[in-house]
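Some notes on the structure that comes next.
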Amino acid sequence: MNIVRVALDLPLPTLFDYLAPDAVESDVGRRVTVPFGKGLRTGVIVELATASEQPDAKLKEVAAILRDMPALPAEWLALCEFCARYYQTPLGEVTSFALPPMLRRGKLPRIKKPAAKIAVSPAPTFDAVHQPPLPQLMPAQQAAVSAIFATAGFHVMLLHGVTGSGKTEVYLRAIDAVLARGGQALMLVPEIALTPQLEGRVAARFPAAHVVCANSGMADAARARGFLEAHAGRAEIVLGTRLAVFMPMPRLQLIIVDEEHDASFKQQEGLRYSARDVAIWRAHQSDIPIVLGSATPSLETFHHATTGRYQMLELPERAVADAMPVVRIVDTRREKLQEGLSAALLAGLQSRLDRGEQSLVFLNRRGYAPVLACPPCGWISRCRRCAANLVLHLADKRLRCHHCGFETAIPRACPDCGNVDLLPFGRGTQRLEAMLVERFPAARVLRIDRDSASTPKKWQALLATIHDGGADILVGTQMLAKGHDFPLLTLVGAVGADAALFAADFRAPERLFAQLMQVGGRSGRADLPGEVLIQTEYPDHPLYRALIDHDYARFAQSQLDERRIAGFPPFSFQAMLRAEARTMEQALAFLAAARKAAAAIADGVTLYDPVPMRLQRLMTLERGQLLVESPSRPALQSFLTAWMEQLYALKMPGGLRWHLDVDPLEF
Ligand SMILES: [Zn+2]
Ligand SMILES: [Zn+2]
């Protein structure tokens, strides 16, 4: 009897058997349409079998095996199986996620006719006359390029270099070497917004190569086409955000993960994978080199690079500017600030205006003010669905929840006592923008945050304005910190940074350091030296002292020492079980039952007490969490596998949902 085992996108940790009389071995890895319940579903054939554990009479026959595209390769299935195992997610959910939506639905994109311009222009050549000369590599860059291919096979390298040290040129040279051998290269970047820029640069550098992008912002058909081109081996270079790690590439010879520390490589819903970690597994599977690049590596990566597990490639020089920006601390303890800005920062802004240079004020909080309040009675704007405040947005006169998206008009008077003098408390980018417009009436002030750059198009337009010198003062969130060159920017002021020093999340200082280092790295180019002013009430904090010296390694070592003592990652491995329910009692009771069920199998694993999450209520659901920790990754993994079976068997009150997050980033 011919049976196919099918991975279907269902929250059940099992495969589904179907009769398939005409199935052959080469159908493994093909999509298949099968009857399920009252309808049809599309899944992926994972294996063929001759017998099923199901009684024969219960087996249904497949509706159709889709042979319209080449079967997905065994390596691709193995990658999905690894993710299913490691992240404790049903294989069908993984394969479904790893396919572009159009292919997932069992459809195919129409194949475009070859573009007319190919006939017009002659076949591309690497004619040196038409190519601008390659930039001269500095010794450290040259050493890094050589190291990537110095040894054959799998090895992980950390390319550690500040903004402007020439990491991208190293990537391009490495890709060049791969193309020369007829291989494919995969490059992951953290943000969709970064891909068009990078695509332009890569396409210009390799005019004869076929470059394909992959990110969730693309149109369905384009994404499916890119997937098929990579799968067929026609695309030599794949650029994309985290989901690009699942692109099938038969001749893959190199993986690059740029800004490897960036939290956006970790997906926070559904398949909670880390694209960086999956990329490392994939490089191991394919026995190829992988380069992780960053100015401020994650502490996990830095730890591996300093203890010899990864190879450290340092780019100490700054290729573009003569010097690093000067970082200065502005002690605000005894100063009366003007709308949050110190006299030193205001003077710095004025001097840049006088010289026709750009400044940036960095505040990682969008909106006008974090909350609207009624001082006489104590009312504050709260989200009715979440345990969070509604943020005041004056630009379009709304109150908004940044967690669930709930929004409402600004009340004319206090809903509780009728007082009409409601006051905004605290400060966001809109308020800073308003203050700067008033204070510097001749300046062109431009705000850049997720509200003003809500679409890729708006974002590109803002970038172009900045680049062309169409703005004098920029006000922005961390959106501005990532990978853009602003040739006229010479001053960065950071305000409100202290909040992250004492946050409950043990990764907050690591993120703050990375943000400040990145945002500071935007300033100072070529002949214009940069300056960074950090306003703080903790001028002697080691994090700021390390920033002044541009000494990431010192900061990282002190953080690693703290983590070693506390037993936090990378000195332990964690998983978080989260539950959401109508009441907190239900959520915590489920977690308590899960903890009890674990008692007999928790070998070498610590289970903490169930507690409410920091954002206790989201979208009217109460949320709790239970942290699991172990000094051994294999011990944690085998525990989780056994535990999942018990979790699926636990009784749950109606409306309760739970999920497991392996290597959680958010606490
Ligand atoms: Zn809300
Ligand atoms: Zn009131």
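The values are calculated or read from the model by the stated rules, or taken from the named source; none is laboratory data. If you're wondering where the values come from, they're calculated on a predicted model, not measured in any experiment. Glycine also receives a Cβ, built like all others from the backbone with ideal geometry; neighbour counts cover every protein chain displayed. What goes into the accessible areas is simple: the full protein's heavy atoms, side chains included, and nothing from ligands, DNA or RNA. Shrake-Rupley method; radii C 1.70, N 1.55, O 1.52, S 1.80 Å.
It is to be established whether one or more residues within the stretch 473-486 are open to solvent by 40 Å² or more (accessible area, probe 1.4 Å), more than 16 Å from ligand 2 (Cβ to nearest atom) and not charged (D, E, K, R). Even if it seems obvious, please write down each step before you answer.
Here is the first cut: in the stretch 473-486, the residues open to solvent by 40 Å² or more (accessible area, probe 1.4 Å) are 478, 485.
Filter again for more than 16 Å from ligand 2 (Cβ to nearest atom), leaving 478, 485.
When the remaining residues are screened for being not charged (D, E, K, R), the result is 478.
The answer is yes; a qualifying residue exists.
Being over 17 Å from residue 315 (Cβ atoms), modelled with pLDDT of 95 or more and crowded, with 21+ Cβ neighbours inside 10 Å is true for just one of 179, 188. Which residue is that? Don't jump to the end; show me each part of the working.
Values: 179 fails: crowded, with 21+ Cβ neighbours inside 10 Å.
Just one listed residue meets the conditions, 188.
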Qualifying positions in the stretch 351-369 - under 36 Å from the mean Cα position of the chain (by Cα) and either open to solvent by 60 Å² or more (accessible area, probe 1.4 Å) or aliphatic (A, V, I, L, M) (or both): 353, 360, 361, 363, 364, 365, 369
Any pair with Cβ under 8 angstrom, 6 or more apart, that starts in the stretch 170-196 at a residue that is touching a residue at least 40 places away in the same chain (Cβ under 8 Å) and ends at one that is open to solvent by less than 20 Å² (accessible area, probe 1.4 Å) and of a type in the set (Phe, Trp, Tyr): 175/206; 179/206; 187/171; 188/265; 190/265; 193/459
Any hit, the stretch 411-422, residues being within 32 Å of the chain's Cα centre (by Cα) and modelled with pLDDT of 95 or more: no
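Tell me, which residue of the stretch 401-410 that is under 27 Å from residue 622 (Cβ atoms) and open to solvent by 40 Å² or more (accessible area, probe 1.4 Å) is farthest from ligand 2 (Cβ to nearest atom)? Spell out how you get there, then give the answer.
Step one: of the stretch 401-410, the residues under 27 Å from residue 622 (Cβ atoms) are 401-408.
This time we only want the ones that are open to solvent by 40 Å² or more (accessible area, probe 1.4 Å), so: 402-403, 405, 407-408.
Numbers: 402: 23, 403: 24, 405: 26, 407: 21, 408: 17 Å.
The selected residue is 405.
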Tabulated pairs, the stretch 478-489, first more than 14 Å from residue 453 (Cα to Cα), second open to solvent by 30 Å² or more (accessible area, probe 1.4 Å) and among the aliphatic types (A, V, I, L, M), C-beta under 8 angstrom, 6+ apart or interchain: 487/526; 487/528; 488/528
Unmet criterion (only one of (1) part of a loop (DSSP other than H, G, I, E, B); (2) within 16 Å of ligand 2 (Cβ to nearest atom); (3) open to solvent by less than 50 Å² (accessible area, probe 1.4 Å)) for residue 372: (1)
Matching residues, the stretch 463-472, being open to solvent by less than 10 Å² (accessible area, probe 1.4 Å) and assigned to a helix (DSSP H, G or I): 466
Counted residues, the stretch 447-481 - those being under 17 Å from residue 365 (Cβ atoms) and among the aliphatic types (A, V, I, L, M): 7
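Yes/no matrix, rows are residues, columns are (1) modelled with pLDDT of 95 or more; (2) open to solvent by 30 Å² or more (accessible area, probe 1.4 Å); (3) over 30 Å from residue 72 (Cα atoms):
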position: 126; (1), (2), (3): no, yes, yes
position: 154; (1), (2), (3): yes, yes, no
position: 161; (1), (2), (3): no, no, yes
position: 164; (1), (2), (3): no, no, yes
position: 201; (1), (2), (3): no, yes, yes
Yes/no for residue 450 being open to solvent by 50 Å² or more (accessible area, probe 1.4 Å) and within 15 Å of ligand 2 (Cβ to nearest atom): no
Residues being in a strand (DSSP E or B) and either within 19 Å of residue 662 (Cβ to Cβ) or free of Cβ contacts under 8 Å to residues at least 60 places away in the same chain (or both) - total across the stretch 602-617: 5
Subset of the stretch 375-395 [open to solvent by 10 Å² or more (accessible area, probe 1.4 Å), of a type in the set (A, V, I, L, M) and assigned to a strand (DSSP E or B)]: 380, 391
Qualifying residues in the stretch 411-447 (those that are open to solvent by 50 Å² or more (accessible area, probe 1.4 Å) and β-branched (Val, Ile, Thr)) - the one nearest to ligand 2 (Cβ to nearest atom): 420
Of all residues making up the stretch 620-667, the number that are among the small types (Gly, Ala, Ser), touching a Gly at 6+ places or on another chain (Cβ under 9 Å) and open to solvent by less than 30 Å² (accessible area, probe 1.4 Å): 2
Pairs, first farther than 16 Å from residue 247 by Cβ in the stretch 58-75, second acidic (Asp, Glu) and in a loop (DSSP other than H, G, I, E, B), C-beta under 9 Å, six or more apart: 65/22
Members of the stretch 66-90 found to be open to solvent by less than 20 Å² (accessible area, probe 1.4 Å) and in contact with a strand residue (DSSP E or B) (Cβ under 6 Å, 6 or more places away or on another chain), listed by number: 87
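Out of 640, 647, I need the residue that is over 28 Å from residue 401 (Cα atoms), assigned to a helix (DSSP H, G or I) and under 26 Å from the mean Cα position of the chain (by Cα). Which one?
That would be 640, the only listed residue that is over 28 Å from residue 401 (Cα atoms), assigned to a helix (DSSP H, G or I) and under 26 Å from the mean Cα position of the chain (by Cα).
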The lone exception for residue 405 - which of (1) within 21 Å of residue 488 (Cα to Cα); (2) within 16 Å of ligand 1 (Cβ to nearest atom) it fails: (1)
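Keeping to the stretch 531-576, report how many residues are within 30 Å of residue 635 (Cβ to Cβ), open to solvent by less than 40 Å² (accessible area, probe 1.4 Å) and not in a loop (DSSP other than H, G, I, E, B).
Let us first name the residues in the stretch 531-576 that are within 30 Å of residue 635 (Cβ to Cβ), namely 556-576.
Subsequent filtering for residues that are open to solvent by less than 40 Å² (accessible area, probe 1.4 Å) retains 556, 559-560, 563, 567, 569-570, 572, 574-576.
Next, only the ones that are not in a loop (DSSP other than H, G, I, E, B) stay: 556, 559-560, 563, 574-576.
The qualifying residues number 7.
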